[in-house]
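Below: the structure, in structure tokens.
The values are calculated or read from the model by the stated rules, or taken from the named source; none is laboratory data. These figures come from a predicted structure and were not determined experimentally. FYI the Cβ positions are ideal-geometry reconstructions off the backbone, even for glycines, and counts take in every protein chain you see.
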Amino acid sequence: MEIPIHHLDAFVTDGVFTGNPAAVCPLAAWLPDAVMQKIAAENNLAETAFLVGGNGDYAIRWMTPAVEVDLCGHATLAAAHVVFSVLEKGRTDVRFRSASGDLAVRAADGLLFLDFPSRAPEPSAPRDDVANALGRRPAELLVASRDYLAVFATEAEVRALAPDMALMKRLDRAVIATAAGSGDVDFVSRFFAPRFGIDEDPVTGSAHCTLVPYWSRRLGKKQLHARQVSRRGGDLRCEDRGERVAIGGRVATYLAGTISI
């Protein structure tokens, strides 16, 4: 069996080798779950997206090297790029049906924009286990459906974090670390999810479902420029739309080929 594979970098700052790598595999029909999980493990990227469909309407699933996840931003952005540039050249909008509901992506102003659900966080009592895993106590801790949101006083603190991944893996949620930006962006973040098979994700679109409503409320603005300050780094243009968030970025193609199994 031969399966197309596209390896792309999403939310890039300066072309390939920045942003977050993802694989996209268009399928004629779903493969067995175990086979798709093995493909994702073999790819060894943060996520592999699998697509089934056509005519601007696709079902999508995402798998890390270890587990299937219910929402992934960067691999959805990458999947839309494959639709627009390979599967249906010239198309500028697409719908993906997913475990998190219908997700739309549109091309506009040289960017691709995700339309994702808002996952606003709620205040949480301080937690020693989160502080110990991060190696530093945040100024504020909040909790969302999937993640803890650890808010720090400065961008420098977020950049300096050196988490204990063994402790991080014991937490019941992934952790977003964030602070207001000190330069040309509104806020910065990092994302740690070893319990999902990813120690630190380079750029995490889905985390901005929580970051955008938080910073929109705190800064009093709807349009936000975000940067994920991982080693690779990534830029995101965001908008708070109430129950939805828009998350925009650029995608660069690294390679295209065929999986033989």
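Report, by residue number, each residue of region 61-75 that is touching a helix residue (DSSP H, G or I) at 6+ places or on another chain (Cβ under 7 Å), of a type in the set (A, V, I, L, M, F, W, C) and surrounded by fewer than 24 Cβ atoms within 10 Å (Cβ to Cβ). Within region 61-75, 66, 67, 69 meet the criteria. Please tell me if residue 120 is at pLDDT 95 or above, among the small types (Gly, Ala, Ser) and more than 17 Å from the chain's Cα centre (by Cα). It is false that residue 120 is at pLDDT 95 or above, among the small types (Gly, Ala, Ser) and more than 17 Å from the chain's Cα centre (by Cα). Going through region 159-185 one residue at a time, which ones are within 23 Å of residue 64 (Cα to Cα), part of a helix (DSSP H, G or I) and of a type in the set (Gly, Ala, Ser)? The one that is within 23 Å of residue 64 (Cα to Cα), part of a helix (DSSP H, G or I) and of a type in the set (Gly, Ala, Ser): 166. Quick one: is residue 245 at negative phi, modelled with pLDDT of 95 or more and in contact with a Lys or Arg (Cβ under 6 Å, 6 or more places away or on another chain)? It is false that residue 245 is at negative phi, modelled with pLDDT of 95 or more and in contact with a Lys or Arg (Cβ under 6 Å, 6 or more places away or on another chain).
Against the conditions (1) crowded, with 21+ Cβ neighbours inside 10 Å; (2) more than 19 Å from the chain's Cα centre (by Cα), residue 12 satisfies every one except (2). Of the candidates 96, 17, 11, the single residue that is more than 14 Å from residue 247 (Cα to Cα), touching a residue at least 12 places away in the same chain (Cβ under 8 Å) and touching a helix residue (DSSP H, G or I) at 6+ places or on another chain (Cβ under 9 Å) is 96.
Residue-by-condition table, conditions (1) surrounded by fewer than 19 Cβ atoms within 10 Å (Cβ to Cβ); (2) in the same structural domain as residue 195 (by TED's automatic domain parsing); (3) under 19 Å from residue 175 (Cα atoms); (4) in contact (Cβ under 8 Å) with a residue 60 or more places away in the chain:
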site: 77; (1), (2), (3), (4): no, no, no, yes
site: 85; (1), (2), (3), (4): yes, no, no, yes
site: 89; (1), (2), (3), (4): yes, no, no, no
site: 126; (1), (2), (3), (4): yes, yes, yes, no
site: 135; (1), (2), (3), (4): yes, yes, yes, no
site: 139; (1), (2), (3), (4): yes, yes, yes, no
site: 147; (1), (2), (3), (4): no, yes, yes, yes
site: 154; (1), (2), (3), (4): yes, yes, yes, no
site: 159; (1), (2), (3), (4): yes, yes, yes, yes
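Scan region 214-243 for residues that are out of contact with any helix residue (DSSP H, G or I) (no Cβ under 8 Å at 6 or more places or on another chain), within 22 Å of residue 105 (Cβ to Cβ) and of a type in the set (Lys, Arg) and jot them down. Scanning region 214-243 gives 227, 232, 237, 241. For region 16-57, the candidate set comprises residues that are touching a strand residue (DSSP E or B) at 6+ places or on another chain (Cβ under 9 Å) and part of a helix (DSSP H, G or I); within that set, the residue that is farthest from residue 230 (Cα to Cα) is 33.
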